[in-house]
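**Student:** To start, I am sharing the structure in question, which I have written as structure tokens.
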Amino acid sequence: MGVLEPILLRLVDRARRKSAWLFHFNAGACNGCDIELVACLTPRYDVEQLGIRLEGSPRHADILCVTGPVTRTTREALRTIHAQLPDPKVVVAIGSCPATANVFAGSPVIDGPVDRIIPVDLFIPGCPPRPNAVVQGIAEAIELLVAKGVAQ
Amino acid sequence: MFHILRRLAGNLAQGPVSLRFPAEVPPPAGLRGLVRIDPGRCLACGICSYVCVSNAITGAESQGAYAWAYEPGRCTFCGRCEDHCPGSALSMDPQAPPSYTTPGELARTATVAFPACPVCGEPNPHVTEEWIGKAFGAPNGETRELLRLCVRCRRRRIAQGMKQPHGGQP
Ligand code: SF4
Ligand code: SF4
Ligand code: SF4
């Protein structure tokens, strides 16, 4: 690519920082965390001001948001979806469930927590976390994404 | 018709409702954040770890002290521990916890040291003035003296007192 290469890399870097796309996966959550994530998209919190878009296909996304403790039936789907995200990717665990399986720990139908199935980059604590905390967490996730892109 | 026009005019005058990042909505009063402990008020009773639905709090007695540990990643922020703590040693932060990258990063621990019994020297969970007040009414010199002793020495002291004739001192 020659002289164009640094310019193109800068462009890609800027694109990552300014428009990270997000894929949301519910791995057996009680819907509490999912509702808070949806609240982030409302005009009040407006996570889209950070360039975020909730994307329907994991193949176009940069950030994977996981909620829920990973039930037996969602385990393989989680693995597949994680593999489908192009590199660099960041995995964000929203709530106590994906972090430790929360009150569901020890249940025979729970295969979680998430970091037993796929690597997790950022945890947002809460049950559920406040929308503010989720927006802050996603902003931190974008920083991680940019750093991963530079390292690649 | 007029209602919607009034609403539209109001919205126009109000301006945008979106919060410019990183602006925050102030946390509501009584928000349940991370659990914190005041070791000086803890009675080492273990009720908090017993009532915790998700085993976020664990407690163990070892070598004359009570080791209290709290892992926020497991917490459901239900507030049962705070409600049931007889010593009012637990409270919850009024703001939401920050995000973290390593599991266990926000964990909190505390060691509640047991004072030695003034008679035999055995370490014994201490009893706070506040709790004495709750259980026996306003503490006086005698209850204070008795509750500083370990369980065995306290039993012995009470038994000695009962052997004395009525009104006599042990
Ligand atoms: S962390 Fe709490 S609110 Fe979120 S899915 Fe689990 S139980 Fe529901
Ligand atoms: S914190 Fe409260 S409930 Fe827990 S052991 Fe101490 S006194 Fe008991
Ligand atoms: S708030 Fe609830 S889940 Fe959290 S430590 Fe207390 S009892 Fe356990």
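**Student:** One residue is enough: does the stretch B:130-145 have a residue meeting the conditions in a loop (DSSP other than H, G, I, E, B), surrounded by 14 or more Cβ atoms within 10 Å (Cβ to Cβ) and modelled with pLDDT under 80?
**Tutor:** Yes, that holds for at least one residue.
**Student:** Could you tell me how many of the residues in the stretch A:102-114 are within 12 Å of ligand 1 (Cβ to nearest atom) and either under 13 Å from residue B:72 (Cβ atoms) or over 17 Å from the mean Cα position of the chain (by Cα) (or both)? Outline the logic, then answer.
**Tutor:** First pass over the stretch A:102-114, keeping only residues within 12 Å of ligand 1 (Cβ to nearest atom): A:102-105, A:110, A:112-114.
Those still in the list that are either under 13 Å from residue B:72 (Cβ atoms) or over 17 Å from the mean Cα position of the chain (by Cα) (or both) too: A:102-105, A:110.
Number satisfying all stated conditions: 5.
**Student:** If you check A:117, A:110, which single one turns out to be under 17 Å from residue B:55 (Cβ atoms), more than 10 Å from every other protein chain (Cβ to nearest Cβ) and among the hydrophobic types (A, V, I, L, M, F, W, C)?
**Tutor:** Exactly one of A:117, A:110 is under 17 Å from residue B:55 (Cβ atoms), more than 10 Å from every other protein chain (Cβ to nearest Cβ) and among the hydrophobic types (A, V, I, L, M, F, W, C), namely A:110.
**Student:** Counting only residues that are open to solvent by 20 Å² or more (accessible area, probe 1.4 Å), among the aliphatic types (A, V, I, L, M) and assigned to a loop (DSSP other than H, G, I, E, B), which one in the stretch B:26-38 is nearest to the other protein chains (Cβ to nearest Cβ)?
**Tutor:** The selected residue is B:31.
**Student:** Residues B:105, B:142: which one is among the acidic types (Asp, Glu), within 14 Å of another protein chain (Cβ to nearest Cβ) and without any contact (Cβ under 8 Å) to a residue 12 or more places away in the chain?
**Tutor:** Answer to the selection: B:105.
**Student:** While we're on this one: For residue B:17, indicate whether it is within 14 Å of chain A (Cβ to nearest Cβ), farther than 24 Å from residue B:100 by Cα and not polar (S, T, N, Q).
**Tutor:** Criteria met by residue B:17.
A quick yes/no check of all residues on (1) in a helix (DSSP H, G or I); (2) within 16 Å of ligand 1 (Cβ to nearest atom); (3) buried (at least 17 other Cβ atoms within 10 Å of the Cβ):
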position	(1), (2), (3)
B:40	yes, no, no
B:44	no, no, yes
B:49	yes, no, yes
B:53	no, yes, no
B:58	no, no, no
B:67	no, no, no
B:76	no, yes, yes
B:81	yes, no, yes
B:88	no, no, no
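**Student:** Could I ask something else about it? Before we move on, is residue B:72 open to solvent by 70 Å² or more (accessible area, probe 1.4 Å), at pLDDT below 95 and within 16 Å of ligand 1 (Cβ to nearest atom)?
**Tutor:** So residue B:72 fails the test.
**Student:** Return only the number of the condition from (1) free of Cβ contacts under 8 Å to residues at least 40 places away in the same chain; (2) within 14 Å of another protein chain (Cβ to nearest Cβ); (3) within 14 Å of the chain's Cα centre (by Cα); (4) under 30 Å from residue B:28 (Cβ atoms) that residue A:53 does not satisfy.
**Tutor:** Only one criterion is unmet by residue A:53, namely (2).
The values are calculated or read from the model by the stated rules, or taken from the named source; none is laboratory data. Just so it is clear, the structure is predicted and the values come from calculations on it, not from any experiment. With ideal geometry, Cβ positions are generated from the backbone for all residues, glycine too; neighbour counts draw on all protein chains shown. We work out accessible area using only protein heavy atoms, side chains counted, and drop any ligands, DNA or RNA first. Shrake-Rupley method; radii C 1.70, N 1.55, O 1.52, S 1.80 Å.
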